[in-house]
Amino acid sequence: MKSSNIQVDTDQRTMRITIDRPKSLNALNTRTIEELSQAIDQAASDDEIRVVVITGAGDKAFVAGADIAEIQALDENGIRAFGDLGHATMNKIQHLGKPVIAAVNGYALGGGCELALACTLRIASDNALIGLPEITLGIIPGFGGTQRLTRITGSGRSLEMMLTGKPISAQKALDWGLFNQVVGQQDLASATHKLAAHLAKSAPRAMRSIIDAVNQGMDLPLEDGLKIEKDQFIKICRTKDMREGTTAFLEKRKAVFRGV
Ligand code: CAA
């Protein structure tokens, strides 16, 4: 699929989405978010796709935020529609049920940070800067940042980031659990590819169950979360992939998972 503000390439069970507006540091305007949302729908409906990677075009930015010129021109209804679209798209990414890797290749600010936070895993280049600078514009994060950042870093660190608006370095984001991995700028593509290739061979139904259990249980009391896990465990133990995985172990060979 080729559309104007994103590029979508599919190879070896991995869909790679590149936000492609380098002149505005890949800022998210309505059209870009709509195209991203459509690509995620495509990933959801295609069983051949096991992993999604989201990155930014160029070597400077992942995404430098929502498009400031666009939001400035919106009236109240327009802002509501923009917020709805942003939230719906980030939710779709979080609940895709397939791993979505953010390959953060530079600035991940505002809506760009929020896009990375909605992803399942985040791998970054060592020049990346991530933050929620909305306060400097007199606004607040609008695509889930107040909630998702707090759940990852805890309220002390997320409040510091949001109230000062100051982005943090890749190393600090790694230390705070915001990034899963940080690599040299020139190694980001290969490290992302390696991670995606590993996940693409994993059992898709088990990955979905893990993602669902974490998503659904994260905000519940422990007992309720454990019940979700138990239900998912019972469900997954009835799959052909469970039979294949356990048989392969006992036969001392590599499992080939089919997602059934
Ligand atoms: N929206 C629209 N355009 C943007 C943009 C954004 N978020 N970020 C950068 N651009 C544009 C700039 O206006 C500039 O365009 P021109 O060349 O036409 O002037 C171009 O991208 C390059 O940017 P800079 O010249 O500013 O590049 P720099 O290297 O000097 O600075 C930067 C880089 C620090 C990332 C700086 O561009 C910046 O601070 N950008 C805005 C970051 C921001 O505030 N993001 C939050 C947006 S609001 C939001 O996201 C709300 C929400 O939660 C949904």
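Quick note: the coordinates plus some simple rules give every number you see, no bench work behind them. Model, not experiment: these values are computed from the prediction. Heads up, the Cβs are rebuilt from the backbone with ideal geometry, glycines too, and the neighbour counts pull from every protein chain shown.
May I ask you to derive the relative contact order of the chain, considering only C-alpha pairs under 8 Å and at least 6 residues apart, and to give it as an integer percent? Walk me through the intermediate numbers first.
On the way: 471 pairs, mean separation 40.7, N = 260.
For the chain, the relative contact order is 16 percent.
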Principal semi-axes in Å for region 122-260 [√(5λ), Cα gyration tensor, largest first]:
36, 22, 11
Highest to lowest packing among 68-80, 193-205, scored as the average C-beta count within 10 Å:
193-205, 68-80
If one computes the Cα centroid of region 212-254 and of region 22-45, what distance in Å separates the two points?
32
What is the Cα centroid distance between region 173-205 and region 95-153, reported in whole angstrom?
16
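How much space per residue, in cubic angstrom, does the convex hull of the C-alpha atoms of region 1-44 take up?
Details: hull volume 2.7 nm³, N = 44.
Expressed per residue, the convex hull around the Cα atoms of region 1-44 is 62 Å³.
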For region 204-250, with only Lys/Arg (+1) and Asp/Glu (-1) charged at the beta-carbon, what is the dipole magnitude about the Cα centre, in debye rounded to 20?
340
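Extension gain S45-F233, at 0.36 nm per residue separation less the Cα-Cα distance, in nm?
Numbers: separation 188, 0.36 × 188 = 67.68 nm, distance 2.38 nm.
The S45-F233 span can extend by a further 65.3 nm.
Any idea what % of Cα-Cα pairs in region 40-190 are farther than 18 Å? Please report the intermediate quantities before stating the final value.
Values: 6302 of 11325 pairs.
Beyond 18 Å sits 56 percent of the P(r) for region 40-190.
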My understanding is that a pair violates if its Cα-Cα distance is over 21 Å; which of K98/K201; K201/K227; K92/K172; K201/K240; K98/K235; K92/K227 do that in this structure?
K201/K227; K92/K172; K92/K227
Under the rule of at least 5 residues apart or a separate chain, name every residue whose amide H is placed under 5 Å from the amide H of A102.
I54, T120, L121, R122, I123
Acute angle (nearest 10 degrees) that the helix 222-236 long axis makes with the longest principal axis of the chain, alpha-carbon atoms:
50
Neighbour-limited loop hits for GluC sites (Glu not before Pro), region 223-256 (at most 12 other Cβ within 10 Å; DSSP other than H, G, I, E, B)
E251
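Against the globular-protein guess of 2.2 N^0.38 Å, express the Cα radius of gyration of the chain as a ratio, rounded to two decimals. All intermediate terms of the calculation are to be shown ahead of the outcome.
Values: Rg = 18.7 Å, N = 260, 2.2 N^0.38 = 18.2 Å.
Scaled against compact globular proteins, the figure is 1.03.
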Above 13 Å lies some portion of the pair distances; for region 204-250, what is it as a whole percent of all C-alpha pairs?
56
For region 43-91, report the convex hull volume of the alpha-carbon atoms normalised per residue, in Å³, without decimals.
103
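Relative to the present Cα-Cα distance, how much length would full extension add between E251 and Q181 at 0.36 nm per residue of separation? List each step's numbers first, then the result.
Details: separation 70, 0.36 × 70 = 25.20 nm, distance 3.35 nm.
Taking E251 through Q181 to full extension adds about 21.9 nm, to one decimal.
Report, to one decimal in Å, the Kirkwood hydrodynamic radius for region 14-83 based on all distinct Cα pairs. Kindly include the intermediate steps, with their values, before the conclusion.
On the way: mean 1/r = 0.0758 Å⁻¹.
Its Kirkwood hydrodynamic radius stands at 13.2 Å.
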